[in-house]
1. Give me the net charge for the shell around D222: Cβ to Cβ below 15 angstrom, other residues only, Lys and Arg +1, Asp and Glu -1.
2. DSSP beta bridges in the chain, what fraction antiparallel, as a percent rounded to 5?
3. In the Gaussian network model of the chain, springs joining C-alpha atoms below 10 Å, which of G168, G129, G190 carries the largest mean-square fluctuation?
4. If the chain between R169 and E31 were fully stretched, how many nm would it gain, using 0.36 nm times the residue separation less the Cα-Cα distance?
5. Whole number in Å², please: accessible area per residue of the chain, 1.4 Å probe, ligands, DNA and RNA not counted.
6. In whole percent, and with a 1.4 Å probe on the protein chains, what portion of the accessible area of the chain is carbon and sulfur?
7. Could you give the nm distance between label points at K177 and E225, where each point is 7 Å from its Cα heading toward the beta carbon?
8. Excluding V82 itself, calculate the net charge of residues whose Cβ lies under 14 Å from the Cβ of V82, where each Lys or Arg counts +1 and each Asp or Glu counts -1.
Amino acid sequence: MSVRFGKPHVHHQQTDSTNERARELALEGAEAGTVVTASLQTAGRGRGGRRWSAPEDAALLYSAILRPLDLRHLLLPLAVPVAVCEACESLADVECRIKWPNDIWLDERKLGGVLIEARPPDWAVIGVGVNLLIDEDEFPEDLRWPAVSLGHDVGPNQMRKALDKQLGRWVEAKPEKVLDAFRARDALSGRPIAWSGGSAELDRKGVADGIDERGNLIVRGDDGESAALGSGEVHLRLL
Ligand code: BTN
């Protein structure tokens, strides 16, 4: 049976990080599908140890518990951004894309992000932040990539319900289906990039060439050699 997200749902007016609250609940044995949201986070976490901040009630700040983890969840890092895109598109007339591994893009700007924190095989906390009603001048100035809001008057509560539904459809979807959906939204494909980390000690340059069946990014280096990059290992820059 597929996981039903949002039952139960715990909302905090203010908390440090919904991922932290969900992690505590997971450690206490909270059931699969438990969702934690907040109006405001004081120490929201982003990927790579970065901060994630948003004005009160202007973004979806969402963390869901998935448990236990097994072979059906190997492509979870790809399935979640697909679910976020579909949730956004169900509420607003937009077309979202995904910058590997899991940034949500709208018109080449960052609409949202995903931070999955897991203790396999016990549980994963699926953290999702989506900019909804943040004005241009409210975004921090030091962002690594320009940000954008979904707009269309979509509020956090509406977005939460849409995401509950789409996560239920995608977290245990068949691998071929997840890969097809991700590839159809792959914003990097064919673009020049530079990367470091993994087996590449120094900055290497090449072109993004899609994803393999495990969700690694395929890159064709300027030297003609192809490599598969894992999301945990590399630092990536668009050129
Ligand atoms: C990224 O760096 O793009 C990922 C950002 C994920 C932010 C969300 S907001 C809700 C949840 N709680 C957190 O502390 N982080 C995630």
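1. +1
2. Antiparallel: roughly 85 percent of the beta bridges in the chain.
3. Of G168, G129, G190, the most mobile in the Gaussian network model is G190.
4. 47.9 nm
5. Heavy-atom accessible area per residue stands at 49 Å².
6. 47 percent
7. 3.9 nm
8. Residues near V82 contribute 0 overall.
The values are calculated or read from the model by the stated rules, or taken from the named source; none is laboratory data. Quick caveat: nothing in here was measured; it's all calculated off a predicted structure. With ideal geometry, Cβ positions are generated from the backbone for all residues, glycine too; neighbour counts draw on all protein chains shown. Each accessible area value is taken on the protein alone, full model and side chains, heavy atoms only, with ligands, DNA and RNA left out. Shrake-Rupley method; radii C 1.70, N 1.55, O 1.52, S 1.80 Å.
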